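Have a look at the structure below before the remarks.
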Amino acid sequence: MTNDQLAQSYLKMSNERMKALPLFYQNKAYAVVIRKAQEIVELTLKGLLRFTGIDPPKWHDVGEIIKEYSNRFPDEISKEASRIIEISRWLRKERELSFYGDIDYVPTEIYREEDAKRAIEDATYIVQIVIKHFSNIK
């Protein structure tokens, strides 16, 4: 298996998860939207790294790696590095809370429609900007 094949696999998995977001949103499962959006962003950014020959780390927020290697990406992605990093950081921060919650943080009660909308918009943005520059992905 090559880096490109693995990157393509990541993006295919991202696209499959994207298809599920509207269903979770319609059912007001906003915490699930947050969690799935985080997975989408993580997989997509790790795919981007692999396409450029960088073996991604085994942690969830690869924003700093994106920043470090931004000169290897197409100009549009490099120019958007700050926004990409911000999205990755925000969703990573929400990852565990949206899934497990905490004693004083019940995910089904905390997350609101506007949180889910933001997560969907952010995940869509990340997927679109990466796929635009790697059009051989289906």
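Please treat every number below as a calculation from the coordinates, not as lab data. What you see is a predicted model; the values in this text were computed from it and never measured. Every residue, glycine as well, gets a Cβ built from its backbone with ideal geometry; the counts of neighbours run over all protein chains shown.
Before moving on, here are some points about what is shown:
- Convex hull volume of the C-alpha atoms in the chain, normalised per residue: 102 Å³.
- Net charge dipole, the chain: roughly 420 debye, given to the nearest 20, about the Cα centre with Cβ charges of +1 for Lys and Arg and -1 for Asp and Glu.
- Positive-end residue, the chain charge dipole about Cα centroid, Cβ charges, pick of 11, 97, 60: 11
- Relative contact order for the range 3-133, counting Cα pairs under 8 Å that sit 6 or more residues apart, in percent: 36
- Computed lengthening from residue 105 to residue 83, 0.36 nm per intervening residue step minus Cα-Cα distance: 5.2 nm
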